[in-house]
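The structure appears right after this line, and notes come after that.
The values are calculated or read from the model by the stated rules, or taken from the named source; none is laboratory data. Quick caveat, the model's predicted, so the values are computed rather than measured. A quick note on method: Cβ atoms are made from the backbone with ideal geometry, for glycine too, and the neighbour counts reach across all protein chains shown. Side chains are part of the model used for accessible areas, which takes the heavy atoms of the whole protein and leaves out ligands, DNA and RNA. Shrake-Rupley method; radii C 1.70, N 1.55, O 1.52, S 1.80 Å.
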Amino acid sequence: MASVQPHRVRPGRGTELLLLVPALGIGIAGYVLAGLGATGTVPPHVIAYAAGTTVLAFAVHLVLRLRAPWADPVILPVVVALNGIGLAMIYRISIAYAERGRSEADIADRQLAWTAISVALAIAVLWVLRDHRTLRRYTYTAMVTGLVLILLPLVPGLGQTINGARIWVRVGPVGMQPAEFAKIALAVFFAGYLVTHRDTLALAGKRVLGLQLPRARDLGPIILVWAASLVVLVLQRDLGTSLLFFGLFVAVLYLATERTSWIVIGLVLFVGGAAAAAATFGHVGARFDVWLHALDSDIYNRSPGGSGQLVAGLFGMASGGLFGTGLGQGRPDLVPFAYSDFIIAALGEELGLTGLLAILLLYTILVSRGLRTAIGVRDGFGKLLAGGLSFVMAFQLFVVVGGVTRLIPLTGLTTPFLAYGGSSLVANWIIAALLLRISDEARRPVPAVRAVATPDIGVPLSPPGRSRPAGTGRSTGRTGTPAAGTPVVVGDAPVRTSTATTSLGTGDGPAPDDSPTEHMAADAATRDEQAPRPRRTGRPDDRQGGEAR
């Protein structure tokens with residue numbers, strides 16, 4: 001006799017609490033070692049720093065216990081560890097800047113303040129957003145918001161050009177990068193739009209050379225996003241942001257349709273647009289010159305737009321070797337913007353290749369847990385949103401590390417959770433909160449389903465010892481246990497009953513499972529294969545727009 005053993009999922013809050021201890025230890029130990037290596041003394045405010053970061057981490061943990069008890073137990077500890085490593089490195093660079101009398105000596109205090117703000121906003125998202133499917137109602141609002149945020153730096157008097165790129169907005173003393181928040185809004189829009197139109201995009205169109213080509217009218221959204229990415233590339237002089245937006249759309253489109261043709265079309269469009277922009281606009285061509293000819297003397301000494309920053313970062317990582325110079329023992333201050341664009345180079349110098357690989361492994365774990373959430377969640381919108389947000393972090397990391405190591409042209413993107421910057425830190429903590437919210441739904445078990453006796457509603461019932469085939473007579477009018485094999489709808493899931501009597505008071509029904517399944521009796525000999533299946537009234541699927549549970 002076969003049997004099905006249900007897989008029980010634990011909430012995981014105890015595991016999360018246990019993992020938070022080493023995650024906080026990594027950040028606090030790095031902070032202490034950075035101070036010891038740079039000044040020879042323990043930082044005087046290390047106790048306040050340790051207490052502050054611990055309170056922030058445990059505040060998120062407490063909110064998860066109250067509002068999202070089934071959330072993934074690994075995401076928060078990984079994010080806390082990455083944030084702590086970034087704070088330690090920024091503190092080490094601020095010490096070097098203070099010794100040289102530079103104005104950026106207070107970046108460590110400002111980053112710690114931004115960390116507190118980011119955690120507070122992440123808590124607000126977890127507390128207010130009870131169901132991620134609520135965001136689907138604002139699909140087109142998110143589209144408008146994303147486009148406005150993208151174009152905001154182009155507004156005269158509001159946008160600012162820094163280091164050749166017009167991606168900043170400053171209101172009084174506060175500056176921000178709107179593109180960091182635009183990627184969240186666009187991820188919501190792409191997920192909401194594509195979950196409704198995925199069948200059209202996946203099935204309609206002709207097949208040419210093994211590729212499923214979409215219809216011309218279905219190319220409208222991808223052409224629009226391609227044009228928007230070119231606007232960012234040309235007018236804002238920001239290669240990284242344009243690549244990120246376009247890559248996000250193509251990735252979510254592939255997740256929705258599973259058609260490789262969309263990836264090929266997207267790559268062709270972006271490569272063609274970038275090549276045309278490099279040939280037409282000097283600032284884009286300069287990025288490619290720095291990438292291809294970084295060590296040429298003419299390119300190295302060119303001002304502005306030379307390769308000095310890139311080469312300095314490469315030499316810094318080379319001096320770190322396999323195990324690094326040690327926290328506080330290197331010279332990351334020789335690399336311009338080591339605390340933001342080139343923090344990967346600073347970490348590679350003082351932690352070496354081994355430490356850098358460990359950091360990349362943390363990112364790999366974070367992205368994999370996000371993709372695991374996308375696989376586990378039961379609604380299409382949640383799958384696309386979790387997959388898109390995970391891809392954003394992975395792709396942004398690839399663009400940053402690839403640019404610093406000369407794998408691809410250098411961009412102006414920041415490393416998530418590590419680099420200095422309030423906009424980046426706030427946006428990525430919100431992404432982490434959204435992934436935690438979706439993972440709570442993905443890991444939450446389906447309510448227990450129990451077989452019960454139901455009154456006769458037109459389904460033939462079988463008395464003990466007899467089996468009445470379906471369609472061979474009228475209803476007997478009797479009430480009692482349905483015939484063996486007759487589906488009984490209880491709640492949201494159909495259950496087949498066996499010839500054995502089901503106990504209602506002792507809890508002998510099917511055990512809870514993590515996915516809505518049909519619990520089948522093992523003894524096939526006693527099932528009535530001809531019993532009719534009653535019509536079940538369930539929730540509409542994603543294509544019909546119904547998502548409320």
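Going by accessible area, probe 1.4 Å, with all protein chains left in place, what is the ranking of Trp127, Trp429, Trp168, largest first?
Values: Trp127 115, Trp429 15, Trp168 70 Å².
Greatest to least solvent exposure: Trp127, Trp168, Trp429.
Given the options Gly352, Leu397, Val377, identify the residue whose Cα lies farthest towards the positive end of the charge dipole of segment 291-407 (+1 on Cβ of Lys, Arg; -1 on Cβ of Asp, Glu).
Positive-most Cα among the choices belongs to Val377.
Taking H as built 1.01 Å from N, whose amide H comes closer than 5 Å to the amide H of Ile408, not counting residues under 5 places away?
HN-HN under 5 Å from Ile408: Gly403.
So what are the ³J(HN,Hα) numbers for segment 241-255, from phi and the Karplus equation (6.51, -1.76, 1.60; θ = phi - 60°), rounded to whole Hz, Gly and Pro as x?
For segment 241-255, the Karplus-derived couplings read 5, 4, 5, 5, 5, 5, x, 4, 5, 5, 5, 5, 5, 5, 4 Hz, x marking Gly and Pro.
Give the accessible surface of segment 16-110 per residue, rounded to a whole number of Å², with probe radius 1.4 Å and ligands, DNA and RNA excluded. Before the final figure, lay out each step's value.
Numbers: 3710 Å² over 95 residues.
With all protein chains present, segment 16-110 gives 39 Å² per residue.
Round to the nearest 10 and report in Å² the accessible area of Trp114, as given by a 1.4 Å probe over the protein chains' heavy atoms.
Trp114 exposes around 70 Å² with every protein chain in place.
Taking amide H positions as placed in the peptide plane 1.01 Å from N, state which residues far from Thr325 in sequence (5 or more) or on other chains have amide H under 5 Å from it.
Answer set, sorted by chain and number: Glu350, Leu351, Gly352.
Compute, for Thr15, the solvent-accessible surface of its heavy atoms (probe 1.4 Å) with the complete set of protein chains present, and express it in square angstrom to the nearest 10.
70 Å²
Would you rank Glu104, Glu99 by solvent-accessible area, highest first, keeping every protein chain in place and using a 1.4 Å probe?
Correct descending sequence by accessible area is Glu99, Glu104.
Skipping prolines and chain starts, which residues have an amide H placed within reach, meaning under 5 Å, of the one on Trp168, given they are 5 or more residues away or on another chain?
Gln160, Ile162
Toward the positive end of the charge dipole of segment 274-385, about the Cα centre and with charges on Cβ (Lys, Arg +1; Asp, Glu -1), which of Gly328, Ala277, Leu314 goes farthest?
Highest projection toward the positive end goes to Ala277.
Can you tell which of Thr139, Pro22, Leu66 lies farthest toward the positive end of the dipole of segment 1-145, using +1 and -1 charges on the Cβ of basic and acidic side chains (Lys, Arg; Asp, Glu)?
It is Thr139.
Order the peptides 295-303, 316-324, 150-158, 56-64 from the highest to the lowest mean number of other Cβ atoms within 10 Å of their residues.
Working: 295-303: 12.0, 316-324: 16.8, 150-158: 15.0, 56-64: 19.3.
The peptides rank, most packed first, as 56-64, 316-324, 150-158, 295-303.
Calculate one ³J(HN,Hα) per residue across segment 343-357 by plugging θ = phi - 60° into the Karplus curve 6.51 cos²θ - 1.76 cosθ + 1.60, and present them in order as whole Hz with x for glycine and proline.
5, 5, 5, 5, 5, x, 6, 8, 9, x, 4, 4, x, 5, 5
Taking a probe of 1.4 angstrom, what is the accessible area of Asp109 in Å², to the nearest 10?
110 Å²
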